[in-house]
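Report on the following structure.
The values are calculated or read from the model by the stated rules, or taken from the named source; none is laboratory data. Source: prediction; values computed, not measured. Heads up, the Cβs are rebuilt from the backbone with ideal geometry, glycines too, and the neighbour counts pull from every protein chain shown.
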């Protein structure tokens, strides 16, 4: 297992971690500058942040700062209710793929979607919609179909896809792939040769509770382990989405999990992704990044 | 599958559903009267409610009203940090067993505990404690040891134990048994003969998301299916503990799940258990019970 204690060369910052400090959006160019100034070598930006700054400008800035991506957030949301919504979903995923290519991402992260209509959307003013149905098995079938379709497009572009199993508390609205086992079953069905074109993003927050976690990380192996995300599970957790903890402040045994992931062959970045409305998003962005560096050395 | 549409003979009320209406505790004797007055034949009371009213008085009232139990809430919380806390845990579980016997419960429901120290306790004034460690594998080992010990005591008293897998969002503080598969592995290890002494409580809220659910319900079979709890998963869910929905208001396909459970041999009560600080606990208790009856007929 790599020693992280004396430097932060394997730290990546998911840019949602500092996306809105004290109520003010931190624009992506400012986040990238702040990361580079601290010797952080990698980031994982979100599509809306990239769009706000301009794809070409971000690509140029990344190159100028010698920053690389640990992933691109995100494609997916494959579930649909009709032909029109399926078509819109596919077009959006193709755009995500092309953006990931432009930014030289190592993978496009997939949050696969839950029951269609359930997720808060910009179109609905941020309000959650009413799910169109209760058939999670149907949603899972549509996800398998969606990943299969996108994989063909992704292979053409040589852009790996990383399915991110989300915590079961997001099964209804965000992702109906909820365990490593389920994600890897999908990988095995669609990419039996373990070509590297399809794998998983292992996010400690989503999977730490799983009794099968160690076995499934081993099963994934190097070819399927495309990303590793860290933060912490707080006790108590006061919000289902925006109360993630800084590494070391919660109950996840991160070094143990990183040991399993590295034993299985992963040698990439530990990407910090923290949504924290009441705590970390209320602090000065530089303080958050400095804390990520310190905790990365001591708690990951 | 039984037809629930024309009566509510298979409805049971978990008494937490109406435990504190509009900020005022509804005492258990009042809840029992209100249930009996509506032709509800079964309840599942909580230990603190029974203790407040007196065990003998509740036993007499149940008999007088011809009410039976669908389960008794609850034993468990098996994880510990030292000999003293282990001893206190065991003594408390023996009291729970004896109370279950006095009340002629069909089973004692087990919420097995998470990381020791994490759960809000009366001793700590209701504030969550700081977990004593991050080793969920150790917690699981202690749970297996605790269930094994209690099972011996329960066999002597002929009181079945029902392990309730809790949603993974409670893994840290309430129960580190989080899937049917995990609970049934424990049952198979400790009761390989499927004697009826050890089984599971299937709560739709905790397990609805599980891709293995149908297979695991089949695996459980009649001997292991000791209780069936219903409520609904709301979108959005605004609180991890006290924002459960009334059946029909959320995304769980309850009839489908009940069909699986009954196909596997279960023929007991559908027990309604709703913790709802902002909605159902703010209503008049009789209205809540009437709604449970109506939804039981239409949505379960």
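List of remarks:
- Summed over segment A:280-300, the residues that are over 13 Å from residue A:19 (Cα atoms) and touching a strand residue (DSSP E or B) at 6+ places or on another chain (Cβ under 7 Å) give a count of 4.
- Of the criteria (1) within 12 Å of another protein chain (Cβ to nearest Cβ); (2) more than 22 Å from residue B:289 (Cα to Cα); (3) buried (at least 18 other Cβ atoms within 10 Å of the Cβ); (4) touching a helix residue (DSSP H, G or I) at 6+ places or on another chain (Cβ under 7 Å), which one residue B:198 fails: (1)
- Of all residues making up segment B:1-40, the number that are closer than 17 Å to residue B:230 by Cβ and assigned to a helix (DSSP H, G or I): 5
- In segment A:253-278, the residue that is farthest from the other protein chains (Cβ to nearest Cβ) out of those that are more than 17 Å from residue A:42 (Cβ to Cβ) and touching a helix residue (DSSP H, G or I) at 6+ places or on another chain (Cβ under 7 Å) is A:265.
- Residues that are surrounded by 20 or more Cβ atoms within 10 Å (Cβ to Cβ) and more than 11 Å from chain B (Cβ to nearest Cβ) within segment A:210-232 comprise A:216, A:217, A:220, A:224, A:225, A:226, A:227, A:228, A:229, A:230, A:231, listed in sequence order.
- Top-ranked residue of segment B:97-130 - restricted to ones that are over 30 Å from residue A:238 (Cα atoms) and either modelled with pLDDT under 95 or in a loop (DSSP other than H, G, I, E, B) (or both), ranked as nearest to the other protein chains (Cβ to nearest Cβ): B:107
- Test set (1) more than 14 Å from every other protein chain (Cβ to nearest Cβ); (2) under 20 Å from residue B:109 (Cα atoms); (3) not in a strand (DSSP E or B) - residue B:281 fails condition number: (2)
- Whenever a residue of segment A:233-252 is in contact (Cβ under 8 Å) with a residue 40 or more places away in the chain and away from chain B (no Cβ under 11 Å), its partners that are crowded, with 20+ Cβ neighbours inside 10 Å and part of a loop (DSSP other than H, G, I, E, B), lying with C-beta atoms within less than 6 angstrom and at least six residues away or across chains, give the pairs A:247/A:300.
- If the condition is being under 29 Å from residue A:87 (Cβ atoms), touching a helix residue (DSSP H, G or I) at 6+ places or on another chain (Cβ under 8 Å) and surrounded by 17 or more Cβ atoms within 10 Å (Cβ to Cβ), then segment A:47-76 contributes A:47, A:49, A:50, A:53, A:58, A:69, A:72, A:73, A:74, A:75, A:76.
- Of the residues making up segment B:175-185, just one is out of contact with any strand residue (DSSP E or B) (no Cβ under 6 Å at 6 or more places or on another chain), more than 9 Å from chain A (Cβ to nearest Cβ) and either crowded, with 23+ Cβ neighbours inside 10 Å or at positive phi (or both), namely B:180.
- Here A:155, A:86, A:74 are screened, and the one residue that is outside any loop (DSSP other than H, G, I, E, B), within 17 Å of the chain's Cα centre (by Cα) and away from chain B (no Cβ under 14 Å) is A:74.
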